[in-house]
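This report concerns only the one structure given below.
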Amino acid sequence: MAAALRRIGFDRVFDTDFAADLTIMEESTELLDRVTKFLNGEKTSLPLMTSCCPAWIRFIESQYPEYLDLPSSARSPQAMFGSIAKSYLAEKMGIDRKDLVVVSVMPCTSKKYESSRSELGEDGDQDTNISITTRELGALIRRMNINFDNLEDEDFDEPLGESTGASVIFGKAGGVMEAALRTAYETMTGETLEKVEFEDVREASYGIKVAHVDIKGTTLNLVISSGLANARAIMEEIKAGNPNNYHAIEIMACPGGCINGGGQPYHHGDESVLFARQQALLKEDEGKAIRKSHENPAIKKLYEEYLGKPGSEKAHHLLHTHYTEKTGY
Ligand code: SF4
C-alpha cells in the first residue's frame with residue numbers, strides 16, 4: 001500500500017497504526033485513572049467506554065446523551081493522526097498546517113463523517129482533510145493503472161510510520177481492549193507482561209462477550225460488544241444501574257469490528273472472509289517484534305520531544321475531544 005500510494009502521488013505515507021498506539025497510550029491512562037479513583041472511593045465515570053468508532057459515538061450522542069461522560073475522551077486513531085500531523089509533523093517539516101493535506105484510508109464510511117466534526121480541526125482547517133475507504137483506495141489503484149501485485153514492498157515514512165502488534169489488532173472486535181490491557185497491566189503493576197495475549201477478551205462470535213481480568217488482585221469486569229443492536233442492549237444495562245459492575249466496555253458499530261467495516265471490500269455475506277481477516281490481524285500481531293503500544297520507539301520519542309506524558313495538558317489539547325448531544329439518527 002505504501003508503494004502504491006507513492007505511485008498515486010502522495011508525498012509522504014504514514015501508518016494509521018502508529019496513531020492506534022497513541023490512542024492506547026491515552027485511553028489506557030484514562031482507564032487507570034478512572035479505576036484508581038473508583039477503588040479509592042472518589043467520584044468518577046465508569047464504565048469507561050471506548051471511543052475510536054465514530055458510528056458508536058454518534059449513536060450514544062443521539063440515543064443516550066445523558067451518558068456522554070462514559071466514553072473515553074481519547075480521539076480515534078484517524079483523529080489523533082490528523083492532529084499530530086498538523087502540529088508535530090508540520091512543525092518538524094517547517095510548514096504551515098494549512099499547507100498540509102491529510103488524507104486517511106479507513107475501513108469505514110463513518111470516518112468520513114468523523115473527519116468533518118468541528119471539534120477535530122483548527123481555524124476552519126480540519127485535521128483530516130479527506131477520508132477515503134479501503135474500497136475506494138482499491139478503485140483508485142486500479143484507475144491509476146498500478147499493477148499492485150507486482151509492486152515491491154516499501155516502508156512507511158518516518159516519524160509517524162512505526163507501529164506495534166497491539167495497534168494491528170484494533171481492526172477486530174476485542175482488539176482495542178486487548179491492546180489497552182497490555183499497556184494498563186504494565187503501567188499498573190510495574191511488571192513485564194510475559195504473555196501478551198488476553199484470550200478472554202477475544203471475541204469470536206460478533207456479539208456481547210463479558211470477561212473478568214485479574215490484575216494483581218484487582219478484577220476488571222470487561223465487555224466486548226460489536227453491532228449497534230448489542231450497543232443498545234449494553235446501554236440499557238447501564239441505564240438499569242450497571243448491575244454487573246462493568247469497569248470498561250469496548251463497542252464497535254460493525255459486527256466483528258473494522259474487519260467488517262462499511263468501507264471494506266465486499267464479502268457478500270461470506271463470514272469466512274471475516275474470519276480470514278481476523279486471523280490475518282492476529283498473525284500480523286504475532287509476527288511483530290514489538291507488541292505493546294508503550295514500547296513503540298516512535299511513540300516514546302513523540303512524548304519525549306513534544307507531548308510530555310500521556311494525559312498531559314498538551315496531550316489533552318491535541319489528542320482528546322468532547323461529545324455533545326445530537327438529534328436524529
Ligand atoms: Fe468504522 Fe465500523 Fe470500525 Fe466503527 S467498527 S470504526 S463504523 S469500520
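Sorted ascending by nearby beta carbons within 10 Å, beginning with the fewest, Leu181, Leu228 become Leu228, Leu181. Each DSSP beta bridge with both residues in the chain is either parallel or antiparallel, and the antiparallel ones are about 50%. Pop the C-beta distance of Ser312 and Tyr266 into the FRET formula with R0 = 30 Å and round what comes out to the nearest 0.05. Efficiency, rounded to the nearest 0.05: 0.10.
Remind me, relative contact order of the chain in percent, using alpha carbon pairs under 8 angstrom and six or more residues apart? In percent, rounded to a whole number, it is 27.
Charge dipole of region 219-309 (Cα centre as origin; +1 on each Lys and Arg Cβ, -1 on each Asp and Glu Cβ, all else neutral): 240 debye, rounded to the nearest 20. Using the Cβ-Cβ distance between Thr327 and Lys301 with R0 set to 41 Å, the FRET efficiency from 1/(1 + (r/R0)^6) comes to roughly 0.45. Checking the a/c ratio against 1.5 first, then a/b against b/c, what shape does the Cα gyration tensor give for region 88-212? Prolate shape, in that a/c is at least 1.5 and a/b is the bigger ratio. Principal-axis analysis of the Cα atoms of the chain puts helix 271-287 at an angle of about 90° to the longest axis. Which of the three applies to region 1-48, rounded, prolate or oblate, going by the alpha-carbon gyration tensor with a ≥ b ≥ c and a/c under 1.5 meaning rounded? Here region 1-48 falls in the prolate category. Label-to-label distance for Lys283 and Asn150 is 2.5 nm, based on points extended 7 Å past Cα in the beta-carbon direction.
Placing +1 on each Lys and Arg Cβ and -1 on each Asp and Glu Cβ, with no other charges, gives the chain a dipole about its Cα centre of roughly 600 debye. In a simple Cβ point-charge model (Lys, Arg +1; Asp, Glu -1; nothing else charged), region 1-158 has a dipole of about 560 debye relative to its Cα centre. Pair-distance distribution P(r) for region 1-116, from all Cα-Cα distances in 10 Å bins starting at 0: 12, 34, 32, 16, 5, 1 percent. Among Met1, Met252, a tally of other beta-carbon atoms within 10 Å of each Cβ gives an order, fewest to most, of Met1, Met252.
Comparing Pro297, Tyr88, Pro54 along the charge dipole axis of the chain, the residue lying farthest to the positive side is Pro54, per the Cβ-charge model. Using only the Cα atoms of region 52-122, build the gyration tensor, take square roots of its eigenvalues as a ≥ b ≥ c, and label the shape rounded, prolate or oblate: rounded if a/c is under 1.5, else prolate if a/b is larger than b/c, else oblate. Verdict is prolate for region 52-122. Working ranking of peptides 41-54, 115-128, 5-18 by packing, defined as the average number of other Cβ atoms within 10 Å per residue, highest first, is 41-54, 5-18, 115-128. Model label points for Ala276 and Glu119, set 7 angstrom from Cα along the Cα-to-Cβ axis, are 3.8 nm apart.
Per-residue ellipticity at 222 nm, computed for the chain from helices alone with -39500 (n - 2.57) per DSSP H run of at least four residues, works out to -11500 deg cm²/dmol. Ordered by the number of other Cβ atoms lying within 10 Å of each residue's own Cβ, fewest first, His320, His268 fall into the sequence His268, His320. Note on region 177-286: antiparallel DSSP beta bridges, both residues inside, total approximately 60 percent of the bridges counted.
None of the figures in this text is laboratory data; all of them are computed from the coordinates on show. Owing to the predicted nature of the structure, the values given are computational and were not obtained by experimental measurement. Backbone-built Cβ (ideal geometry, glycine too); neighbour counts: all protein chains shown.
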